[in-house]
Ligand code: SF4
């Protein structure tokens, strides 16, 4: 049996793809190893969404050169977005690299590795019109016994001016709903309680046939009926495709958790237009208002970028205003970086790095205070917590998540992973909540006022 080591960079889609890579190779006599120095095959599943992520790939490849010179039989391969974007150029740039495989070539990996090994030939396969096949998720390769990610679509048609995804993942392609439902049914039968539906823009699932979000709502309704499944989440949503009917699902579907990740990217209309985002600040605010009217407990997280080409100090101030107004539960924030061949890489008026750093620090300080205040606002309430395991940081503590996706740590002597337990929240911190299974003496059991039941 041969050993494979996989390093993964990037988003949840890449994590799921790495599970698939492990799954595909295990059917061909490979087993996973945590130790690269023991591996016969090292694969890096890469991300190119930001410059920093891409730099990590090159730095890891540099470090692997030593292993390759010690073990010439070692095969090193790169997959994912950097591989898709660079193709043959990556082989030219990194002489000790053997294999480059595109985002649609995971199923063919065993054959590709075999070809490299037997013929001693370095190769790149990155055709974007290669047919996609999805293998259902398997228990042995999932990081959690009770949570699973299910890819429902691949690619994106939106061409936001800063983004390479449409170039490296190709056009949108949706999995048939019956395949997805069958996979989720199987997961529930294996004890999975929570499923995260994945896609670059899940709101346009099934388009153009299921345009207007109907196909995605049909899918959610179908999954809602699956016995044993307790929680359903999805990511990522695009504000322009978030229809009133989909908003109404929060509160109507009991398994759909009260959390949405809705990237806004910038607070100024001029910047949003140059980004080609397809919505205005007012439209974004309306969506948030409708979500909160429909489901007051809903947690809203988002992505934002600072220093997009031409972003003026006044534009940036509008981004800060929007954050103050919405008070997100959490934010993923980034400095803009040129990503070829995304259109914005050719835009004039680049914001100096120093200024981008300053803006990012100011924005992150603002959000840090808001997240802490939101966590502190949960003190004294009860939360339904899905138990995920023992806490990594503090011994004797268990850890789980609320339906709003907040991490809760609490002491307990005897518990089981996969149970949902009510936890009394004693303290809110910057990144998590601390609680206990019984309330402090004198405090009665109060039901949390969640609109969604
Ligand atoms: S919606 Fe925009 S940012 Fe998101 S993946 Fe598509 S092009 Fe990229």
**Request:** Counting other beta carbons within 10 Å of each Cβ, put 193, 147 in order, fewest first.
**Result:** 147, 193
**Request:** Once you have all Cα-Cα distances for the chain, histogram them in 10 Å bins from zero and send the whole-percent values.
**Result:** 4, 19, 27, 28, 17, 4, 0, 0
**Asked** How far, in degrees from 0 to 90, does helix 281-294 lean away from the longest principal axis of the Cα atoms of the chain, to the nearest 10?
**Response** 60
**Complete:** Most exposed first, judged by fewest Cβ atoms within 10 angstrom, 15, 329, 88 run 88, 15, 329
**Request:** For every helix of n ≥ 4 consecutive DSSP H residues, a contribution of -39,500 (n - 2.57) applies; sum these over the chain, divide by its total residues, and give [θ] at 222 nm rounded to the nearest 500 deg cm²/dmol.
**Result:** -10500 deg cm²/dmol
**Prompt:** Cα gyration tensor of the range 63-167, axes a ≥ b ≥ c as square roots of the eigenvalues: rounded (a/c below 1.5), prolate (a/b > b/c) or oblate?
**Reply:** oblate
**Asked** Where the centroid of each part is defined by its Cα atoms, how far is the range 327-369 from the range 239-267 in Å?
**Response** 24
**Message:** Could you compute how fast the range 382-436 diffuses translationally, taking Rh as the Kirkwood radius over C-alpha pairs and applying Stokes-Einstein at 25 °C with viscosity 0.890 mPa s? Give it in µm² per second.
**Reply:** 228
**Asked** How high is the relative contact order of the range 2-125, given as a whole-number percent (alpha carbon pairs under 8 Å, six or more residues apart)?
**Response** 24
**Request:** Over the range 139-376, calculate the relative contact order: mean separation of alpha carbon pairs under 8 Å at least 6 apart, over the residue count, as a percent.
**Result:** 17
**Item:** Exposure proxy ranking, count of Cβ atoms within 10 Å, fewest first, for 254, 174
**Value:** 254, 174
**Message:** Please give the Cα centre distance for the range 75-91 versus the range 370-435, rounded to the nearest Å.
**Reply:** 40
**Cα-based equivalent ellipsoid of the range 2-125: semi-axis lengths in Å, sorted from largest, via gyration tensor** = 19, 17, 14
**Asked** If contacts are Cα pairs under 8 angstrom and at least 6 residues apart, what is the relative contact order of the chain in percent?
**Response** 10
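The numbers here are math on the coordinates, done by the rules we state, and not lab data. Here the structure is a predicted model, which means the values were calculated and not measured. All Cβ positions, glycine included, derive from the backbone under ideal geometry; neighbour counts span all protein chains shown.
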